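> Quick one: the structure is below, questions incoming.
Every number in this text was worked out from the coordinates using simple rules, so none of it is lab data. If you're wondering where the values come from, they're calculated on a predicted model, not measured in any experiment. Please note: Cβ atoms are built from the backbone with ideal geometry, for glycine as well, and neighbour counts cover all protein chains shown.
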Amino acid sequence: MLSSPPQKHFAVALGLLAAAFSHGAGLLLSPGLSMTDHLQQQFTEPIKREKADALYRLGFRLIRLPVPNLENDFVIVGSVNNLLAAGFNVVLDLHPQVTRDLQKSDDFWIQPALWRNIAKQFKGQALDRLAFEILNEPDYRRKNPRAYESWMNLCIDAIRDVDARRWIVASTPYMGDVDHFDGPEASWTAPRVDRLIVPMHYYRPIAITHPQSYSSRGAKSQNLSYPPDPYDDDFNAKDAKNMSLHFQKYGEWCRKNGVTPWIGEAGCHEDTPGRQRWFQDVKAVADRAAIPVCWWSTDGFGIKAKWSGSRYEIGYPDILGIITSRRR
């Protein structure tokens, strides 16, 4: 997994264990955080070094940097360089507001060329500390994934033509959802290329991690607290019981496909009663499976970190303590 920078002698057991899934030396992927505060603002200037330093002091070692597009390369390059200089490993994530809209637009087929441009900006730099996530949660459910596969291969080729050893994160065509790593829905196979990470996003049971969405769909009568009553016979209770199985099946799929496993997103909305227990359970299961996690995020699904101008004020220090704790 991503190795630590020379000035920061840091080794995480999860990173070393998860490297066994890959074809060689790897990328340190844990403990990770999606840095999302800039997504709610105009992304017009690089992330400042002082913000990067403040996040590092909180205990994170990887930042997933979601960007709405790849065209503002000055801001992207400045942000990534400041994060790297602070000691982080970085996953640069193309994260449009609505991925389905990008998939349907002409701009979709411009992205491989834009990724080539980004790759050139970092040519030969931080090959074991910087990865490119070509698209967040591509959605080809109930669709033929061939268009995505063609597009994905164009992106991989564009990046690897510049740096043959650059780490790449490429999701399944099904949003990285849990259900597509087991049974007949797991028939999609990853490209046979080195240094490839195929992420899973973990928000289960989703009615509990996203209570506002499900309440608005008429699910107000459900008990949306965590953990659900184990004696209930509803989906939420069954889904919660299967947490370990979800990680097991995902790990098996990654081994079969020869790719590195990584939970690219995991979080639970601040309105969920019992969310602290949810984070504890997911962290424990991930640790046992030796699969690193990048938590979502600096907003109310995670630690609710607000920049004060000189430091981050943490809304949920209990959650911060759970997700940055080291496996012993």
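> Quick one: which residues, 5+ away or cross-chain, put their amide H under 5 Å from the amide H of residue 133? H built at 1.01 Å from N.
For residue 133, whose amide H was placed from the backbone, the distant partners under 5 Å are 92, 93, 94, 169.
> About the Cα centre of the chain, what is the dipole size in debye to 20, counting +1 per Lys and Arg Cβ and -1 per Asp and Glu Cβ, all else neutral? Can you show the working numbers first?
On the way: 40 positive and 37 negative charges, 177 e Å.
Value, rounded to 20: 840 debye.
> So what's the net charge close to residue 208: Lys and Arg +1, Asp and Glu -1, counting the other residues with Cβ under 9 Å from its Cβ? Could the numbers behind the result be given before it?
Values: positive: 204, 275; negative: 239.
Local charge sum for residue 208: +1.
> Please work out whether region 121-183 counts as rounded, prolate or oblate from its C-alpha gyration tensor, where a ≥ b ≥ c are the square roots of the eigenvalues and a/c under 1.5 means rounded, while otherwise a/b larger than b/c means prolate and anything else oblate?
Working: a/c = 3.22, a/b = 1.94, b/c = 1.66.
Cα axes put region 121-183 in the prolate bin.
> Distance between Cα centroids, region 235-262 to region 26-93: provide it in whole Å.
Here the two parts' Cα centres lie 28 Å apart.
> Could I ask something else about it? Sort 233, 161, 299 so that the residue with the fewest other Cβ atoms within 10 Å of its own Cβ comes first and the one with the most comes last. Don't jump to the answer; show the numbers that get you there.
On the way: 233 7, 161 11, 299 19.
Fewest to most other Cβ atoms nearby, the residues stand as 233, 161, 299.
> Assuming a ≥ b ≥ c are the square roots of the Cα gyration tensor eigenvalues, decide whether region 215-328 counts as rounded (a/c under 1.5), prolate (otherwise, with a/b larger than b/c) or oblate. Don't jump to the answer; show the numbers that get you there.
Working: a/c = 1.98, a/b = 1.07, b/c = 1.85.
It comes out oblate by the Cα gyration axes.
> Also: So, counting K/R as plus one and D/E as minus one, what does the shell of residues with Cβ under 13 Å around residue 162 add up to? Kindly include the intermediate steps, with their values, before the conclusion.
Values: positive: 116, 120, 123, 160, 165, 166; negative: 157, 161, 163.
Net of charged neighbours comes to +3.
> So, one more: Taking other Cβ within 10 Å of each residue's Cβ, how do 265, 45 sort, fewest first? Display every interim value, and only then the final one.
Working: 265 25, 45 13.
In increasing order of surrounding Cβ atoms, one gets 45, 265.
> What is the log10 of I(q)/I(0) for region 233-297, computed with the Debye formula using one identical point scatterer on each Cα and no solvent, at q = 0.12, 0.15, 0.29 Å⁻¹?
-0.33, -0.52, -1.35
> Hey, which of these cross-link pairs are over 29 Å Cα-Cα: 283/304; 48/123; 120/256; 104/249? Working shown, then result.
Numbers: 283/304 18 Å; 48/123 22 Å; 120/256 32 Å; 104/249 31 Å.
Beyond 29 Å: 120/256; 104/249.
> Can you put 296, 262, 278 in order, fewest other beta carbons within 10 Å first? Before the final figure, lay out each step's value.
Working: 296 24, 262 30, 278 27.
By the 10 Å Cβ count, ascending: 296, 278, 262.
> Would you mind working out the magnitude of the charge dipole of region 230-316 relative to its Cα centre, with +1 at each Lys and Arg C-beta and -1 at each Asp and Glu C-beta, to the nearest 20 Debye? Don't skip to the answer; put the middle values down first.
Values: 12 positive and 12 negative charges, 80 e Å.
That gives region 230-316 a dipole magnitude of about 380 debye.
> Looking at region 57-208, send over the antiparallel percent of its DSSP beta bridges, to the nearest 5.
Numbers: 1 of 16 bridges.
Looking only at bridges with both residues in region 57-208, the antiparallel portion is about 5 percent.
> Cα gyration tensor of the chain, axes a ≥ b ≥ c as square roots of the eigenvalues: rounded (a/c below 1.5), prolate (a/b > b/c) or oblate? Intermediate results must be reported in sequence, preceding the final value.
On the way: a/c = 1.40, a/b = 1.19, b/c = 1.18.
Because its axes are fairly even, with a/c under 1.5, the chain counts as rounded.
> DSSP beta bridges in the chain, what fraction antiparallel, as a percent rounded to 5?
Working: 4 of 31 bridges.
Around 15 percent of the beta bridges assigned by DSSP in the chain are antiparallel ones.
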